[in-house]
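The values are calculated or read from the model by the stated rules, or taken from the named source; none is laboratory data. Since we're looking at a predicted model, the values are computed, not measured. So basically every Cβ, Gly included, is an ideal-geometry build from the backbone, and we count neighbours across all protein chains shown. For the accessible areas, the whole protein counts, side chains as well, though only heavy atoms, and no ligand, DNA or RNA atoms are used. Shrake-Rupley method; radii C 1.70, N 1.55, O 1.52, S 1.80 Å.
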Amino acid sequence: MADYDVKDMGLAKKGMNRIEWAAMDMPVLESIKKRFKKEKPLKGITVGACLHVTTETANLMETLRLGGADVRLCASNPLSTQDDVASACVKYFKVPTFAIKGEDNKTYYKHINQAIGSGPQVTMDDGADMVSLLHTKKKNLMPKVIGGTEETTTGVIRLKAMAADGVLGYPIVAVNDAMTKHFFDNRYGTGQSTIDGILRATNRLIAGSVFVVCGYGWCGKGLAKNAAGIGAKVIVTEVDPLKALEAVMDGYDVMPIREAAAIGDIFVTVTGDINVIHKSCFSRMKDGAIIANSGHFNSEIDIPALEKMAKKKREVRDYVMEYTLSASRRVYLLGEGRLINLASAEGHPSQVMDMSFANQALCAEYMVKNAKKLEKTVYGVPEKIDRKIAELKLRAMGTTIDKLTAEQKKYLESWEMGT
Ligand SMILES: NC(=O)c1ccc[n+]([C@@H]2O[C@H](COP(=O)([O-])OP(=O)(O)OC[C@H]3O[C@@H](n4cnc5c(N)ncnc54)[C@H](O)[C@@H]3O)[C@@H](O)[C@H]2O)c1
């Protein structure tokens, strides 16, 4: 049995059943898994994976393992682990796994340390906490690392800041930046699963409510569309005039958060920024307002300020904390302000994670083949990989498209022909 720290090994069978259920909707990753099993492109490579421990992640771990890698896994958020999946990874895939849903910060970092073990050659991160630990407290292991991959927007921002400061110690591929990742995972995945998280936590009717989306990036667009689709009146807050203009043209009300604070029923941050919902917002909110975050870190909401302002605090349902601000006003924070789609629901549907994790597997293979040629900076996903994944996904969905004729190809490459 692998080295591990999970909640309960008795949950492994349930976890395995759910992992198999997810695999049915991950045909692209399945095809890579089959090839990896035959070709072993990651033979003997140690991988340190710091990802949300979900059914889809388990399928990715199995793909890497069948490809010959020696994988260790920990969570990329203290509240996103699915405990049954963590134990299944240990029991059925023999992947050393260190993750327990609801772990405190100290345990969270202890687990990242355990997943780092005696040093990975490839890091596979979601939010860059593992990379950051390697560059600070585990510097001695840095010479072993040849390269890495990064899953999310916030992680890519942190890594680009490290590269700009000249401190990034090895090349990393920004999986998030693939079209087949953020276009689908961030937009359709976060869009749907954030609503799922809010519904599971609160069982509230969204129709007719005023739903405030903070941030109109890839995640925000998907969230606004899903909320509007089930009858919410959507307000968008932004700091970027282009994104704000896009939200206006898409039909939403756009205003500053201070104004939205007074009229919203449900607030969700998806910005990757800090203190987007702050002290003066809480004091303007209506009695019963619900606040959640689906961005990577819980710092999008100024929770310390809310804690200070509250006269009383109690948990009224799983993942719902009531803060009494005055005799007539209570606000409700969901899932400790951590990504609500993973805290109270199951994260993105497998169909989108199929593409995100196909990118992860192919980029790990790319890194192993090319690391020596790469600089210590952040790279985009090679276009060839992105297009291949789109092709495979379309094929799996039974959708065929047209091909350019020779005449069209020539026309599109030339400039001579006009009106
Ligand atoms: N919950 C999940 O499963 C999940 C999935 C993917 C990404 N994420 C995370 O969600 C966050 C957003 O990702 P994205 O891909 O949409 O990023 P993005 O860069 O496309 O969009 C972020 C938007 O927020 C806006 N913004 C920044 N500060 C703001 C502020 N103070 N008020 C209002 N708007 C502000 C920016 O202008 C930008 O338009 C990141 O932290 C990312 O890591 C979470």
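The residues listed here are Asn105, Asn140; of these, the one that is open to solvent by 50 Å² or more (accessible area, probe 1.4 Å) and within 21 Å of the chain's Cα centre (by Cα) is Asn105. Inside region 361-419, residues that are assigned to a loop (DSSP other than H, G, I, E, B), open to solvent by 60 Å² or more (accessible area, probe 1.4 Å) and within 20 Å of Ala178 (Cα to Cα) make up a count of 3. Can you name every residue in region 317-351 that is open to solvent by 20 Å² or more (accessible area, probe 1.4 Å) and of a type outside the set (Ser, Thr, Tyr)? Answer for region 317-351, where residues must be open to solvent by 20 Å² or more (accessible area, probe 1.4 Å) and of a type outside the set (Ser, Thr, Tyr): Arg317, Asp318, Met321, Ala327, Arg329, Arg330, Glu336, Arg338, Glu346, His348, Pro349, Gln351.
Results for (1) within 16 Å of the ligand (Cβ to nearest atom); (2) more than 26 Å from Pro120 (Cβ to Cβ), shown as yes or no for each residue.
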site: Gly335; (1), (2): yes, yes
site: Leu339; (1), (2): yes, no
site: Met353; (1), (2): yes, no
site: Cys363; (1), (2): no, no
site: Gly380; (1), (2): yes, no
site: Thr405; (1), (2): no, yes
site: Leu412; (1), (2): no, yes
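For Asp273, are the conditions met, namely being under 22 Å from Val210 (Cα atoms) and either surrounded by 14 or more Cβ atoms within 10 Å (Cβ to Cβ) or within 11 Å of the ligand (Cβ to nearest atom) (or both)? Against the criterion (under 22 Å from Val210 (Cα atoms) and either surrounded by 14 or more Cβ atoms within 10 Å (Cβ to Cβ) or within 11 Å of the ligand (Cβ to nearest atom) (or both)), Asp273 does not qualify. Going residue by residue through region 119-137, is there one that turns out to be within 16 Å of the ligand (Cβ to nearest atom), open to solvent by less than 10 Å² (accessible area, probe 1.4 Å) and part of a strand (DSSP E or B)? Yes.
Given the criteria without any contact (Cβ under 8 Å) to a residue 12 or more places away in the chain, out of contact with any Asp or Glu (no Cβ under 7 Å at 6 or more places or on another chain) and within 11 Å of the ligand (Cβ to nearest atom), does Pro241 qualify? For Pro241, the condition - without any contact (Cβ under 8 Å) to a residue 12 or more places away in the chain, out of contact with any Asp or Glu (no Cβ under 7 Å at 6 or more places or on another chain) and within 11 Å of the ligand (Cβ to nearest atom) - is met.
A Cβ distance below 6 Å, combined with a sequence gap of six or more or placement on separate chains, defines the contacts here; from region 1-28, residues that are within 8 Å of Ser87 (Cβ to Cβ) reach residues that are buried (at least 18 other Cβ atoms within 10 Å of the Cβ) and charged (D, E, K, R) in the pairs Lys7/Asp83; Leu11/Asp83; Leu11/Asp84; Ala12/Lys91; Gly15/Asp84. Within region 227-238, being under 24 Å from Thr202 (Cβ atoms) and within 13 Å of the ligand (Cβ to nearest atom) holds for Ile235, Val236, Thr237. Within region 92-102, being open to solvent by 50 Å² or more (accessible area, probe 1.4 Å) and either β-branched (Val, Ile, Thr) or not in a loop (DSSP other than H, G, I, E, B) (or both) holds for one residue alone: Tyr92. Pull up region 192-211, narrow it to residues that are surrounded by 24 or more Cβ atoms within 10 Å (Cβ to Cβ) and more than 10 Å from the ligand (Cβ to nearest atom), then point me to the one that is farthest from His348 (Cα to Cα). Filtering region 192-211 for residues that are surrounded by 24 or more Cβ atoms within 10 Å (Cβ to Cβ) and more than 10 Å from the ligand (Cβ to nearest atom), the one farthest from His348 (Cα to Cα) comes out as Phe211.
Considering Met255, Met249, Met285, Met321, which residue is within 13 Å of the ligand (Cβ to nearest atom) and of a type in the set (A, V, I, L, M, F, W, C)? None of the other options fit; the residue is Met255.
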